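Here the structure comes first, spelled out in structure tokens, and everything after it is commentary.
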Amino acid sequence: MRVFVTGAIGFVGQWLEKELSRQGHKVVGTPGPDVLDIADRSGLVRWLDNLGGPPDAVVHLAGMAFAPDGADDPAEAFRVNVGGTVALFEALREIGIQVPVLVSGSSDVYGTPRPEDLPLCEDAPFAPDSSYALSKVAQEGVAAEAAARHGFPVVVTRSFNHTGPGQRPVFVVPAMAQRVMAVKRGQATTIPAGNIDVRRDLTDVRDVVVAYRLLIEASVRGLLEDRFTVVNVASGEVVTVRSVIEQLSVLAGVVPVIEIDPALVRADDPVEIRGDAALIRRIVGWQPVIPFDQTLRDVLATL
């Protein structure tokens, strides 16, 4: 299978390329944003036209991935997340390529869940509470239109939090890992943190890309029931930030002294976010297999 991947040089994209290649698939990734702007339809057309033939599938990862970046620049969030998805489907249509497309979405579309709504299923209502989340809702709308009006087989993944080696330290696990290692190296005596008792559904990125591979393989083989499929990619389990710090500290051989930094405390942080992964288990048999302590060990090994 020949797979075109946008955002291939990003955190998830690099792991997806490894996973697809390991399974015998040929990966063709878009160049970085300094070479090809994902929202540039004409640029995408030129790129697609010079690849020596059509793909069997497309995985669309390119876009803004860190929600606070969306708060800092809402216009950019919409330009790349929504405009980039429009540009991709329009470029594929112009070239005459109509193959399965997986669009990497976000669980942020669910907003702040009520305890009684957990775990969040795919039929939970949209409740976006940030510019980033709203851009991901709109992105789903673009994908739905591409399926309904133009016949693309589309899978949208509502991916819950995921982490692993190589993730930017703006995300919680690598951020905490850096702070723990600073203590280990004698560069700090405390581990500053914010909302340490919130509970989050966290999956290893290496498990997440297996889910993406299985979904796109199933779509290519015509095994999905609907032309437009929305599916959670979640572990169904939660961990607290406190437990992340404690486990990292044990692995690093330090005794954690956690210091609550008021600047890092978010008053509107949901107490718990947890996804229901029953649908993805049913349609492709996926479930996470990498133990969380192994994820943390591997993150620490990169620092």
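Sorting HIS162, HIS60 by accessible area puts them as HIS162, HIS60; the probe is 1.4 Å, largest comes first, and only protein heavy atoms count.
Within the straight-line cut-off of under 19 Å between alpha carbons, the lysines reachable from LYS18 are LYS26, sequence neighbours fewer than 8 places apart in one chain being disregarded.
Taking amide hydrogens as placed 1.01 Å from N in the peptide plane, the amide H of ILE191 sits under 5 Å from those of VAL257, ILE258, GLU259, each at least 5 positions away in sequence or on another chain.
On region 217-291, 52 percent of the accessible area sits on carbon and sulfur atoms, based on a 1.4 Å probe. Multiplying the residue separation of ILE97 and THR190 by 0.36 nm and subtracting their alpha-carbon distance yields 28.0 nm. Surface calculation, 1.4 Å probe, protein heavy atoms: ILE258 sits at approximately 50 Å² accessible.
For VAL230, the residues whose amide H sits under 5 Å from its own are VAL156, ignoring neighbours fewer than 5 places away on the same chain, with H placed 1.01 Å from N.
Counting only trypsin sites (Lys or Arg not before Pro) that are in a DSSP loop and have at most 16 other C-beta atoms within 10 Å, tell me the longest site-free stretch of the chain.
Looking at the chain, 1-184 is the longest stretch - no exposed trypsin sites (Lys or Arg not before Pro) with at most 16 other Cβ atoms within 10 Å.
Our summary gives region 50-174 a relative contact order of 30 percent, counting only alpha carbon pairs under 8 angstrom and 6 or more residues apart. For the pair ASP34 and ASP56, a Förster radius of 30 Å applied to the C-beta separation gives a FRET efficiency near 0.60, rounded to the nearest 0.05. Looking only at chymotrypsin sites (Phe, Trp or Tyr not before Pro) in DSSP loops with at most 14 other Cβ atoms within 10 Å, what is the longest site-free stretch of the chain? Result for the longest clean stretch: 127-303. On a per residue basis, the convex hull of the C-alpha atoms belonging to region 160-232 measures out at 112 Å³. With the simple spin-label model, which puts each label point 7 Å out from Cα in the Cβ direction, the ARG227 to THR302 separation comes to 3.9 nm. One quarter of the convex hull surface built on the alpha carbon atoms of region 234-303 amounts to 6.5 nm², the projected area averaged over directions. Only protein heavy atoms count here; under a 1.4 Å probe, ASP129 has an accessible surface of about 100 Å².
Every Cα-Cα pair of region 14-141 was included, and the share exceeding 26 Å stands at 30 percent. Each 10 Å bin from zero holds the following percent of Cα-Cα pairs in region 182-303: 12, 33, 29, 17, 8, 1. For the pair ASP129 and LEU264, label points projected 7 Å from Cα toward Cβ lie 2.2 nm apart.
With all protein chains kept in place, the per residue accessible area of the chain amounts to 45 square angstrom at a probe of 1.4 angstrom. Surface composition of region 84-169: carbon and sulfur atoms hold 50% of the protein heavy-atom accessible area at a 1.4 Å probe. Summarising the amide proton neighbourhood of GLU272: residues at separation of 5 or more, or on other chains, whose placed amide H is nearer than 5 Å comprise ARG199. Extending 7 Å from Cα along the Cβ direction at ARG46 and again at ASP73 yields two label points whose distance is 2.2 nm.
With a cut-off of 16 Å on the backbone N, the residues of region 182-221 near the modelled label site 7 Å out from GLN23 along Cα-Cβ are 205-221. Across region 48-63, coupling constants 3J(HN,Hα) worked out from phi with the 6.51/-1.76/1.60 Karplus curve, θ = phi - 60°, read 4, 6, 10, 9, x, x, x, x, 8, 6, 10, 10, 9, 10, 4, x Hz, and Gly and Pro carry x. Translational diffusion coefficient of the chain (Stokes-Einstein, Kirkwood radius from Cα pairs, 37 °C, 0.692 mPa s): 165 µm²/s.
The values are calculated or read from the model by the stated rules, or taken from the named source; none is laboratory data. The model shown is predicted, which means the values in this text are computed figures rather than measured ones. Neighbour counts run over all protein chains shown; Cβ positions are idealised from the backbone, glycine included. With ligands, DNA and RNA removed, areas are computed over all heavy atoms of the protein, side chains included. Shrake-Rupley method; radii C 1.70, N 1.55, O 1.52, S 1.80 Å.
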